[in-house]
Amino acid sequence: MADKIKQDIRQLDDTQLGERLKELRHTLFGLKLNATTTQIKDYSQFKKLRCAIAQAETIKRQRQGIVHES
C-alpha cells in the first residue's frame, strides 16, 4: 500500500505535488479539528496522513536536490 502511494506521488509534477501536499495538510487539520469537537472512529487516519505528508515532502526535497545524509 505504501509503495502504491509513493508511486502515485512520484508521478506528479512539481505543481501537482505542491497541491497534493496542501490538500494533505488541510485534511490533517480538518481531522485534528474534528477530533477536538467530535468523536473519531478511526484514529489510524492521523498516522496515515502524517506518513503521506512525510513521503511527499521527501520526494519534493529529492527533486530539489536538498537531501542530507546522516
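At a glance:
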{"quantity": "Estimated inter-spin distance, D42 and K22, nm [label 7 Å along Cα→Cβ]", "calculated": "2.6 nm"}
{"quantity": "Label-point separation, T58 to N34 (7 Å along Cα→Cβ), nm", "calculated": "2.6 nm"}
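Values in this text are rule-based calculations from the coordinates and carry no lab data. Predicted model, so just to flag it, every value in this text is computed and none were measured. Cβ coordinates were reconstructed from backbone atoms using ideal geometry, including for glycine residues, and neighbour counts include every protein chain displayed.
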